[in-house]
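The structure appears below as C-alpha cells.
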Amino acid sequence: MANDHEPRKHTIAVLVENKFGVLSRVAGLFSARGYNIESLSVGETLDPSVSRMTLVVRGDEFVIEQATKQLHKLIDVIKVTDLTDESHVEREMVLIRVNAEPSNRAEILRTADIFRARVVDVTPVSFVLEATGDEGKLEALIELLRPMGIQELVRTGKVVIARGPKTRVRRVEAPRKPRVADDPKVVGFAD
C-alpha cells in the first residue's frame, strides 16, 4: 500500500447543481489550500440541472480527504466521489498539429494508425491528429510525434466513469391500458 503522506494524483468526480459560480467555488476550494488542479472537465449530465466535474489533483491522502469534506459542505454540491482507487474507465482527448514534411507524411500516418488517431485536418505543411485514450497512450503518441515537429497541442481534461453498475437498473414498463373491468365507474355487467 502506498504511503498516505506521499502526494499522488487523485481523480475526483463531483456532481453539482448546474448554476452560475459553482465551478469557481469548487476550484477555489483547492487553490485556497495551495493545490493546483492538474485537469478539470465539466459537462451536463442526463439531467440538465446537474453537471459533473472531474478533477485531477495531486496531494496526500489527508489533504484530499479534507478537501473532499469541504466540497461536501458547499451548498451546490450533490455528491463527491474519489475514483482514484476504484475500478474505472478514463479518457482524454488531444489535438496535435504536426509538421507534415513530405519525408515524414507516411511515418505520421503510420503512427496515427497504430494509436487509432484520426487525421482531422490536412494542409500542405501540416496534419492535425485527434486521439483519445488514457494519459499513458496520449503521452506515448506525443513522444513519437515530437521528433517530426509538433506545432501545437491541445488537450482536454480527464473524464472518468466507474466500472460496473453504480445503481440498480430499473426496468421501464410500458403503461398498461385500463380495462373496462378496472374502471371504478363500471359497477357490473349485465348477465
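The values are calculated or read from the model by the stated rules, or taken from the named source; none is laboratory data. As the structure is a computational prediction, the values presented were derived from the model and not from experiment. Every residue, glycine as well, gets a Cβ built from its backbone with ideal geometry; the counts of neighbours run over all protein chains shown. Surface accessibility is based on the protein's heavy atoms, side chains included, excluding ligands, DNA and RNA. Shrake-Rupley method; radii C 1.70, N 1.55, O 1.52, S 1.80 Å.
Before moving on, here are some points about what is shown:
- For the stretch 39-91, the set of residues classified as basic (Lys, Arg), in contact with a Leu (Cβ under 7 Å, 6 or more places away or on another chain) and without any contact (Cβ under 8 Å) to a residue 40 or more places away in the chain consists of Arg52 only.
- Exactly one residue among Arg52, Arg97, Arg25, Arg33 is open to solvent by 50 Å² or more (accessible area, probe 1.4 Å), of a type in the set (D, E, K, R) and either part of a helix (DSSP H, G or I) or closer than 20 Å to Gly136 by Cβ (or both), and that residue is Arg25.
- Some residue of the stretch 51-58 being more than 14 Å from Gly157 (Cα to Cα), modelled with pLDDT of 90 or more, in contact with a Ser or Thr (Cβ under 9 Å, 6 or more places away or on another chain) and of a type in the set (Val, Ile, Thr): no
- Ala117 fulfils the conditions (1) more than 30 Å from Leu23 (Cα to Cα); (2) among the small types (Gly, Ala, Ser); (3) out of contact with any strand residue (DSSP E or B) (no Cβ under 8 Å at 6 or more places or on another chain) except for a single criterion, (3).
- The residue that is nearest to the chain's Cα centre (by Cα), among those in the stretch 100-114 that are surrounded by 16 or more Cβ atoms within 10 Å (Cβ to Cβ) and not in a loop (DSSP other than H, G, I, E, B), is Ala112.
- Test: Gly164 is under 30 Å from Glu17 (Cα atoms), outside any strand (DSSP E or B) and in contact with a Leu (Cβ under 6 Å, 6 or more places away or on another chain): no
- For the stretch 124-165, the candidate set comprises residues that are surrounded by 15 or more Cβ atoms within 10 Å (Cβ to Cβ) and under 18 Å from Glu86 (Cα atoms); within that set, the residue that is farthest from the chain's Cα centre (by Cα) is Glu135.
- For the stretch 71-81, the set of residues classified as surrounded by 16 or more Cβ atoms within 10 Å (Cβ to Cβ) and in contact with a His (Cβ under 9 Å, 6 or more places away or on another chain) consists of Val80 only.
- Residues (out of contact with any Gly (no Cβ under 9 Å at 6 or more places or on another chain), farther than 16 Å from Val50 by Cα and either in a loop (DSSP other than H, G, I, E, B) or without any contact (Cβ under 8 Å) to a residue 24 or more places away in the chain (or both)) located in the stretch 4-20: Asp4, His5, Glu6
- Thr45 being of a type in the set (S, T, N, Q), under 19 Å from the mean Cα position of the chain (by Cα) and surrounded by 14 or more Cβ atoms within 10 Å (Cβ to Cβ): no
- Some residue of the stretch 89-109 being over 30 Å from Val125 (Cα atoms) and not basic (Lys, Arg): yes
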